[in-house]
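Derivation of every value follows stated rules applied to the coordinates shown; laboratory data play no part. Computed from a prediction, not measured in an experiment: that's the story for all the values here. Every residue, glycine among them, receives a Cβ derived from its backbone with ideal geometry; neighbour counts consider all protein chains shown.
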Ligand SMILES: NC(=O)c1ccc[n+]([C@@H]2O[C@H](COP(=O)([O-])OP(=O)(O)OC[C@H]3O[C@@H](n4cnc5c(N)ncnc54)[C@H](O)[C@@H]3O)[C@@H](O)[C@H]2O)c1
């Protein structure tokens, strides 16, 4: 089990804990909670049952920071305790796209840990990731999701074959859908980053076993991690014939988000980037997993890909990730960009991003679940490059520039609206 120490107020690098739950929003979604926004809620627009029954959201890594924050956060927003800050699907362009209501989402998942979700949420509140008081305010929803988490795998000593594991995971998904009478289920991988499989490895990595299970159970799929998931030749034919929508890979929440805005700026202003180097300090489960150089290599490939896709070739420079357990879920990312201006004048841009990783990721995960469920309902299948806005390494290939990705996402929202 991972614990998230409370940030020390004497540590200037770590932002203070988030505000406690103090007020419920009124019927128009207004609340006196700090940081509120006046964005109309598509949850309300689509009603409590969404467009057609309830939607399952099945997290691989359901007891992790991102999944726990998404589960607790969805309950808090649905109950009117907090505004949906950070959820793009709650902004006006998505209002009539037929997305499932937040109140219609049913959570479950797989994990290899057995720490209760409520306890995990308390640890996140102690670390300032969730507002104090939120875990107890949404305790019923956390317990309901906890009851739907099934043992993941494979753990050391598991003698099941790949096919047996896929069948077991798919059976868990089918059982979940039947018991809750779900219209459809979206599987979202938010498990620990795994190293890329070695050449000739006879076994599928765990992320691919879960992805295959999702297809077998008729679920759409999003890979929010750099792990292999559907990107293996062993699943190419299955995914092509599945008729299911999918999106990935590796959520774009901080350093890479900034790169996808800044790199096109240098390109468009005809400034010559000579080197782009980055360093990350983070703790939590993600920091521990990325302390493994093989897992970090998978992560860094996505961060560097954004630059290579924008400039045509990767500039000099590397990305490093350091595990600093005391930082918990808080991340500091530093980028150093050396570039040339007119007549070869040498210049430097440095950026420092200090963010709460799970608070950045959770609203995107909820967005993805809603968009994929709606795409599935609308009969849209295959890779969804329209969701490239959310990823470092989008399925289906797309421009790496955030502004273009956002425009493509809005066109997709219109397409969904036309079919609603
Ligand atoms: N937070 C962000 O901003 C962000 C951005 C992009 C990608 N991601 C990715 O999201 C993932 C989750 O991040 P996190 O901070 O929640 O990590 P975390 O360590 O808190 O949670 C990961 C969870 O996955 C579980 N897990 C590990 N192996 C498993 C398996 N085989 N089957 C089922 N569950 C398994 C762990 O027990 C743990 O509960 C990571 O891969 C991370 O790289 C996060």
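Quick check for you: which residues of region 392-420 have the amide N under 14 Å from the point 7 Å beyond the Cα of residue 96 toward its beta carbon? Once the point is set 7 Å along Cα→Cβ of residue 96, 413-420 turn out to lie under 14 Å by backbone N, inside region 392-420. Listed peptides 217-223, 286-292, 55-61, 163-169 appear in the order 55-61, 217-223, 286-292, 163-169 once ranked by packing, highest mean of other Cβ atoms within 10 Å at the front.
With a Förster radius of 60 Å applied to the beta-carbon distance between residue 411 and residue 119, the computed FRET efficiency rounds to 0.90.
So if we plug the beta-carbon distance of residue 349 and residue 158 into 1/(1 + (r/R0)^6) with R0 = 51 Å, what FRET efficiency do we get, rounded to 0.05?
Values: r = 48 Å, r/R0 = 0.95.
Taking R0 as 51 Å, the efficiency between residue 349 and residue 158 is 0.60.
Binning the alpha carbon pair distances of the chain at 20 angstrom intervals from zero yields the distribution 27, 60, 12, 0, expressed in whole percent. Estimated from helical segments only, the mean residue ellipticity of the chain at 222 nm is -11500 deg cm²/dmol, where each DSSP H run of four or more residues counts as -39500 (n - 2.57).
Model label sites at residue 136 and residue 326, defined 7 Å from Cα along the beta-carbon direction, differ in position by 3.0 nm.
Among 252, 119, 303, the largest mean-square fluctuation in a Gaussian network model of the chain, built with springs joining Cα atoms closer than 10 Å, belongs to 119. With contacts taken as Cα pairs under 8 Å and at least 6 residues apart, the chain reaches a relative contact order of 20 percent. Most tightly packed first, judged by the mean number of other beta-carbon atoms within 10 Å of their residues, the peptides 332-342, 386-396, 263-273, 62-72 read 62-72, 386-396, 332-342, 263-273. Evaluated on region 255-356, the Kirkwood hydrodynamic radius is 14.2 Å, with distances taken between all distinct Cα atoms.
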